[in-house]
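One structure is given here, and the rest of the page talks about it.
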Amino acid sequence: MNQKADILNYLTRHFPTLDSHLQEHLSAVGLLKEVAAGTVLMKQGQYIKYTMLVLEGRIKLYREGEDAGEFFMYYLEPGDACAISMVCIASGKSSEVMAKAIEDAVVLMIPVQHMEALMKDYKSWYQFVIESYRRRFEELLMVLDSTVFKSMDERLLNYIREQSRQLQTRELKLTHQEIATDLNSSREVISRLLKKMEQKGMVKLYRNYIAVLTV
């Protein structure tokens, strides 16, 4: 299969709300890109040249503090678009967040010069962008509510549940440090809370993964 056919196959599978004419157009102007786990796709202070649609894998969105600490925002999965890059393109502003592939991924990069015409010429794209904004805003509100109003053990429980749901597995290949970074905590605190969850029969801790039992 050629790249255009590959793109159409991905779009049909993961972006069914985009009409067929739009999918054809995106397959002509978009660039299919494979990225390895750990690749940084967007940096703070960077001016955006492309917006991206996620076709495979997961992309982590987060802010990086002056002390190199991270504030986790949300994940992008197949069928998602990077709403923040769209906002930056529309406003001509540089990015204020980081985007990093946390596993091998495939994304469709759409050059900035096509964005205005897409919004004007394709109703399904306009609706898709608005829905992307809404979903990301709701996710950010959930993160804010969790950070401000919930204890760390509640946040950890919700995090484990959400990771299991998103990845569709009960075996989470996450280190205690990765969880601590996402929850803006320390590895020691997360390890202690996970041990408590294990004692309650909620999870089982192994060297390379966490088995979700009754969460």
Is at least one residue of segment 113-123 at pLDDT 90 or above, touching a strand residue (DSSP E or B) at 6+ places or on another chain (Cβ under 6 Å), surrounded by 15 or more Cβ atoms within 10 Å (Cβ to Cβ) and of a type in the set (S, T, Y)?
no
Among the residues of segment 67-94, the number that are over 16 Å from L140 (Cβ atoms), without any contact (Cβ under 8 Å) to a residue 60 or more places away in the chain and not in a strand (DSSP E or B) is 7
### Query
Can you find even one residue in segment 125-145 that is at pLDDT below 90 and of a type in the set (S, T, N, Q)?
no
How many residues of segment 14-62 are within 21 Å of S132 (Cβ to Cβ), within 18 Å of the chain's Cα centre (by Cα) and either in a helix (DSSP H, G or I) or acidic (D, E) (or both)? The answer is 2
Matching residues in segment 107-131 (assigned to a helix (DSSP H, G or I), touching a helix residue (DSSP H, G or I) at 6+ places or on another chain (Cβ under 6 Å) and aromatic (F, W, Y)) number 2
When (1) part of a helix (DSSP H, G or I); (2) surrounded by 13 or more Cβ atoms within 10 Å (Cβ to Cβ) are applied to N184, the one that fails is (1)
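Take the residues in segment 186-215 that are in contact with a Lys or Arg (Cβ under 8 Å, 6 or more places away or on another chain), closer than 24 Å to Y62 by Cβ and of a type outside the set (A, V, I, L, M), then tell me which one is modelled with the lowest pLDDT.
Filtering segment 186-215 for residues that are in contact with a Lys or Arg (Cβ under 8 Å, 6 or more places away or on another chain), closer than 24 Å to Y62 by Cβ and of a type outside the set (A, V, I, L, M), the one modelled with the lowest pLDDT comes out as N208.
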Within segment 16-41, the count of residues that are surrounded by 13 or more Cβ atoms within 10 Å (Cβ to Cβ), under 30 Å from E64 (Cβ atoms) and not β-branched (V, I, T) comes to 6
Residue pairs qualifying under the 7 Å Cβ cut-off, at least six apart or on distinct chains, with the first in segment 21-40 being outside the structural domain of K60 (by TED's automatic domain parsing) and the second being polar (S, T, N, Q) and surrounded by fewer than 13 Cβ atoms within 10 Å (Cβ to Cβ), are none
Looking at the structure I just gave you, is V107 buried (at least 18 other Cβ atoms within 10 Å of the Cβ) and β-branched (V, I, T)? yes
Within segment 128-167, the count of residues that are under 27 Å from S85 (Cα atoms) and of a type in the set (A, V, I, L, M) comes to 9
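The values are calculated or read from the model by the stated rules, or taken from the named source; none is laboratory data. This one's a predicted model, so the numbers in the text were calculated from it and none came from an experiment. Using ideal geometry, Cβ is built from the backbone for each residue, glycine included, and neighbour counts are taken over all protein chains shown.
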